[in-house]
Amino acid sequence: MTAEDVIVESKVSLYDATRETLAGVMAGEPTYRVDQVWSGLYKQFQEVAEITTISAALREKLSRELPTSLALVRESVSDKGDTVKFLWRLVDGNHPIETVLMHYADRVTVCVSTQAGCAMACGFCATGQAGFNRQLTTGEIVEQVVRAARHAKQRKQRVANIVFMGMGEPLANEPAVWSAIERFHDDIGISARHLTVSTVGIIPGIRTLATRPLPVNLAVSMHAARDDLRDDLVPINKRYPINDLMDACRDYLRVKNRRISFEWALIAGVNDTARDANELAKLALSLRPSAHVNIIPLNPTPGFPTRGTDAAGVRRFADRLRDRGVNATVRRNRGTDIDAACGQLAAGQPVVLTARRNV
């Protein structure tokens, strides 16, 4: 490590900085100058160099004292420009992460990463296969949204939804995730009902989230509704089995009064049978109001050779749930051709093939 590396690592990044940190860097400036910079960063999504309401000398000082965290490596586009995947390099130079921006006719959604890699080891997920590197800071999470929002601004659209469904397990990095949520809500102005935190079922994280003041949406990546199968597909289930997870979901629902979603990646011959649909329906209906089920046709990943359920099987599974009274939606895959769809984010890292028992 060089002396320069030490200096870079010791600096607070631009989007990790609080208002108080910013005011400290701008000591001697009128308070309204801090407000101008804060507004430029979080309302106009400007780079520091673009905030012309402050002097060039102050812009230069801020850029020097509060560097950004993400360097763009590659931008991949799919769906006629409606889906954009950003590959970033973190300032430490070692760990890549990815962010996905999705344009719709009536909204723009950003899917953010919360960790570089993931330790949950779900075999059908490319991120889980690639392994875990480190937690992201609040600023590294926030900057993903700001940079994506600049891109959306070029199309005269504004980010309306943020989903914590990118690389990593959000509730394994809950303090940084929550600080990012506060920044999105308080400073960017996105309401809690448009912020969704996904988890594979980290029960302590769910319980902590229930104590937080904002009623954000909770999405649970279920993928199996019986413990023996879920132990294999989602290994953390061995620590936090389904009955305990459902108790945590009920408590969250009671406190927040916000419908919970179950995510279900359909894998051919594994979790797409009538039995699976019936077991899932029972779990969903045990919550009041019933959990909403997002059905996700499995996206191909190199480390998991089992194929996704075909279109007819997806329709059959959805119909079985609806016949039982479950509100179920089949999620349209976006960005599959650029590895930007659910379960495909690996930030260009090699996926290690591991032996798995037949499920």
Q) Somewhere in the range 285-293, is a residue surrounded by 22 or more Cβ atoms within 10 Å (Cβ to Cβ) and at pLDDT 95 or above? A) yes
**Q.** Subset of the range 114-158 (residues that are over 18 Å from D187 (Cβ atoms), among the polar types (S, T, N, Q) and within 14 Å of the chain's Cα centre (by Cα))
**A.** T114, Q115, T127, Q135
Q. For the range 103-113, what are the residues that are in contact (Cβ under 8 Å) with a residue 40 or more places away in the chain and either on the phi > 0 side of the Ramachandran plot or surrounded by fewer than 18 Cβ atoms within 10 Å (Cβ to Cβ) (or both)?
A. R107
Q) Out of all the residues in the range 149-172, is one or more open to solvent by less than 10 Å² (accessible area, probe 1.4 Å) and among the small types (G, A, S)? A) yes
**Q.** Qualifying position, being open to solvent by less than 10 Å² (accessible area, probe 1.4 Å), at pLDDT 95 or above and charged (D, E, K, R), among E143, E182, E98
**A.** E143
Q.
Restricting to the range 77-90, name every residue that is surrounded by 16 or more Cβ atoms within 10 Å (Cβ to Cβ) and out of contact with any Asp or Glu (no Cβ under 8 Å at 6 or more places or on another chain).
A. D79, D82, T83, R89
Q: Would you point out the residue of the range 246-259, among those that are hydrophobic (A, V, I, L, M, F, W, C) and touching a helix residue (DSSP H, G or I) at 6+ places or on another chain (Cβ under 6 Å), that is farthest from K282 (Cα to Cα)?
A: V255
Q) For D323, are the conditions met, namely being open to solvent by 70 Å² or more (accessible area, probe 1.4 Å), closer than 29 Å to S286 by Cβ, modelled with pLDDT of 60 or more and not hydrophobic (A, V, I, L, M, F, W, C)? A) yes
Q.
Anything in the range 114-154 that is assigned to a loop (DSSP other than H, G, I, E, B) and either among the aromatic types (F, W, Y) or free of Cβ contacts under 8 Å to residues at least 60 places away in the same chain (or both)? List them, or say none.
A. C118, A119, F124, L136
Q.
So, in the range 258-270, exactly how many residues are open to solvent by less than 20 Å² (accessible area, probe 1.4 Å) and modelled with pLDDT of 95 or more?
A. 4
Q) Under the condition of being crowded, with 17+ Cβ neighbours inside 10 Å and farther than 10 Å from F262 by Cα, which residue from the range 294-304 is modelled with the highest pLDDT? A) I296
Q. How many of the residues making up the range 12-62 are among the small types (G, A, S) and either surrounded by fewer than 12 Cβ atoms within 10 Å (Cβ to Cβ) or part of a loop (DSSP other than H, G, I, E, B) (or both)?
A. 8
**Q.** Subset of the range 221-231 (residues that are farther than 15 Å from K282 by Cβ and either part of a loop (DSSP other than H, G, I, E, B) or open to solvent by less than 30 Å² (accessible area, probe 1.4 Å) (or both))
**A.** S221, H223
(Q) Only one of E9, E4, E60 is of a type outside the set (F, W, Y), at pLDDT 95 or above and over 21 Å from the mean Cα position of the chain (by Cα). Can you tell me which? (A) E60
**Q.** Set K80, K85: member being more than 27 Å from V12 (Cβ to Cβ), in contact with a helix residue (DSSP H, G or I) (Cβ under 6 Å, 6 or more places away or on another chain) and not in a loop (DSSP other than H, G, I, E, B)
**A.** K85
Q) Tell me, which residue of the range 96-113 that is of a type outside the set (D, E) and not in a strand (DSSP E or B) is farthest from the chain's Cα centre (by Cα)? A) A105
Q) Looking at (1) surrounded by 14 or more Cβ atoms within 10 Å (Cβ to Cβ); (2) more than 24 Å from T114 (Cβ to Cβ), can you tell me which one R307 breaks? A) (1)
Q. From the set of residues in the range 232-256 that are part of a loop (DSSP other than H, G, I, E, B) and farther than 23 Å from T196 by Cβ, which is least open to solvent (accessible area, probe 1.4 Å)?
A. P241
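The values are calculated or read from the model by the stated rules, or taken from the named source; none is laboratory data. Keep in mind that what you see is a predicted model, and the values were worked out from it rather than measured. Because the Cβ atoms are built from the backbone with ideal geometry, glycine has one as well, and the counts that use them run over all protein chains shown. When the accessible area is computed, the model is the full protein with side chains, heavy atoms only, and any ligands, DNA or RNA have been set aside. Shrake-Rupley method; radii C 1.70, N 1.55, O 1.52, S 1.80 Å.
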